[in-house]
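J.: After the structure tokens below, expect a handful of questions from me.
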Amino acid sequence: ARQAVRHLVDLGRERIATVAGPYDQENSAADRLAGYRDILLDTAPHLVERADYTRQGGADAMAALIDRHPDLDAVFVASDLMASGALQVLRERGRRVPEDVAVVGFDDLVAISESTHPPLTTVHQDVGGMGRLMARLLFGRTEQDTWEGHTSEAPSVVVPTRLVVRESA
């Protein structure tokens, strides 16, 4: 999230909103919102809108943000699926992307990010690699629990991400 928001700041955007994930997705939603706030330290609460990780959730959140803050010039959206809904609302409201409002998503789900209009700038995370890592961690933990007769807290792992710049920002 920090990469995405830093990119928007580097583009000269000044009124950067976010469509954050839902409260019940504490890890991913909280981490992405924290990354947004790490870059924009004095974030006004009216620039943050929560939504579920759906296209409609992103559309509803974008509509609420535009209604509250019509002069926003960028938005970081916590998932590509939500970003696709946000892009739809921006088009319907006559906002040009990226000229009027730059949009950055998160996930780099290629089926979404390359098929939106315009193609979505997004944060890539290696979902397949994360799955393999989780399997290795789980297998190692299960083997350790079985053979040593004790359990330990699961390690915290931060998987690297990278910004994929396309046409939306």
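J.: Given 0.36 nm per residue, what is the gain on full extension from V9 to D38 after removing their alpha carbon distance, in nm?
T.: Working: separation 29, 0.36 × 29 = 10.44 nm, distance 1.24 nm.
Gain on extension, V9 to D38, equals 9.2 nm.
J.: Based on the mean of other Cβ atoms within 10 Å per residue, sort peptides 110-123, 34-47 so the most packed one is first.
T.: Working: 110-123: 18.7, 34-47: 14.1.
Per-residue Cβ counts within 10 Å, averaged per peptide and sorted highest first, yield 110-123, 34-47.
J.: Going by average Cβ neighbours within 10 Å, how do the peptides 78-91, 55-68 rank, with the highest at the top? If you can, show how the numbers build up before the last one.
T.: Values: 78-91: 24.3, 55-68: 19.9.
Result, highest mean first: 78-91, 55-68.
Every read-out reported here was derived from the displayed coordinates using simple, explicitly stated rules and does not represent laboratory data. Here the structure is a predicted model, which is why all the values come from computation and not from measurement. Note that we place each Cβ from the backbone using ideal geometry, even for glycine, and neighbour counts take in every protein chain shown.
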